[in-house]
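Taking it in order: structure first as structure tokens, then the write-up.
The values are calculated or read from the model by the stated rules, or taken from the named source; none is laboratory data. Note that the structure is predicted; figures quoted are calculated from it, not measured. Here the Cβ positions follow ideal geometry from the backbone for every residue, glycine too, while neighbour counts run over all protein chains shown. Ligands, DNA and RNA are excluded from the accessible area calculation, which covers all protein heavy atoms including side chains. Shrake-Rupley method; radii C 1.70, N 1.55, O 1.52, S 1.80 Å.
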Amino acid sequence: MKLDAGSNLWMTMTVSAKVLEADGIYSFRFRAAGGEALPRFTAGAHIDVEVAPNLVRQYSLCNVAGQESEYEIAVLLTEPSRGGSKGMHAIGVGQSIRISAPRNNFNLVPTTGRSILLAGGVGITPILSMAEELHAQSKAFELHFSARSPARAAFRQRLAERSFAKDVRFYFDNQGQKLDLADLARSRQPDDHLYVCGPTGFMDFVLGESERLGWKKEQLHKEYFSAPSVEEKSGASFDVRIASTGDVFHIPEDKSVVQVLAENGIEIPTSCEQGICGTCITRVLSGSIDHRDFILSDEEKRRNDQFTPCCSRAACQMIELDL
């Protein structure tokens, strides 16, 4: 028997392993409580984890893509913690925990060129899975891993022991080592793609500098762990029509679409509520959108046929949703 991969399904797991991978970072392995095979996933995927009742966090899968026996994540204890990382670090082997099926908003793009993988700190989690998948497919890649120190670099030993170790470079702040983005740009080929995951400051620097150095936006791929700091936008009120019923709801300036619909008995699944996980993406049938998420591509936003109701708003008086 295999567990259903339905996007709204919560699966009960058993914590089969917990390992201190680096200072402040534990890895966790999950197996189905009943021993069933798990939904398959691709490199770059993440899962929702119910750390405690009404406390859900997203974590990237870092084990080899396609495995059905277990999932592996790694969690950095952040200070101050909003409850997620502290709660995860308190979980022990043998405990039960609920997770969602994997979702992927950070897919590897098929290419004849190289994949340049950049990880900052615990951002190594999806990047590690990508490296494993590219290696298995005999695809050209290089991995650049920046961390504060060797002691803060999760999976450093695992990477050093892999047969693709020659394609991995480490950079440690306490040793004065810095990633040379200009050098990467100089060797860039038209079919190369760059993937980056890590702290917001690291990612913003890499993406901004890479664009300045000539990388095209379509060559740059990212996965945020938290929403970047942006200037607060005001939001005019607007109306939402529900296509299946014709009901119209008013969305005031100080509430999201998700909040108003929930107050009226229409639940849209959410997780991060910051526009970074994709859980709540909803089809738009008419109207224009003021996109405020960090997950949809520029092309997806231009199509104007979907949005994240947890944070995005209408750029017109009314939008109609496929609900």
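For segment 72-172, applying the loop criterion from DSSP together with a ceiling of 13 other beta carbons within 10 Å to the trypsin sites (Lys or Arg not before Pro) yields 82. Both numbers refer to the Cα atoms of segment 13-107; Rg and Dmax are 12.5, 37 Å. Taking all protein chains together, 130, 318 sort by accessible area into 318, 130, largest first [probe 1.4 Å]. Summed over the residues of segment 260-315 and divided among them, the accessible surface reaches 44 Å² per residue at a probe radius of 1.4 Å.
Solvent-accessible surface of segment 45-109, averaged per residue with a 1.4 angstrom probe and all protein chains in place: 41 square angstrom. A straight line joining the Cα centroids of segment 199-228 and segment 82-117 runs 20 Å.
Mean residue ellipticity, 222 nm, helices only, the chain: the sum of -39500 (n - 2.57) across DSSP H runs of n ≥ 4, divided by residue count and rounded to 500, is -5000 deg cm²/dmol. Computed over Cα pairs, the Kirkwood radius of the chain leads via Stokes-Einstein (0.890 mPa s, 25 °C) to a diffusion coefficient of 117 µm² per second. Remark on segment 56-194: Rg and Dmax equal 16.3, 50 Å (Cα only). How large a share of the accessible area of the chain, in percent, is made up of carbon and sulfur atoms when the probe is 1.4 Å and the other protein chains stay in place? Of the solvent-accessible surface of the chain, carbon and sulfur hold 46 percent. Per residue, the Cα convex hull of segment 277-320 amounts to 60 Å³. Largest mean-square fluctuation among 150, 252, 269, in a Gaussian network model of the chain whose springs join Cα atoms under 10 Å apart, belongs to 252. Mean separation of Cα pairs under 8 Å and 6 or more residues apart, divided by the residue count, gives segment 1-111 a relative contact order of 37 percent.
Averaging the sequence gap over all C-alpha pairs within less than 8 Å and six or more residues apart, then dividing by the number of residues, gives segment 184-304 a relative contact order of 17 percent.
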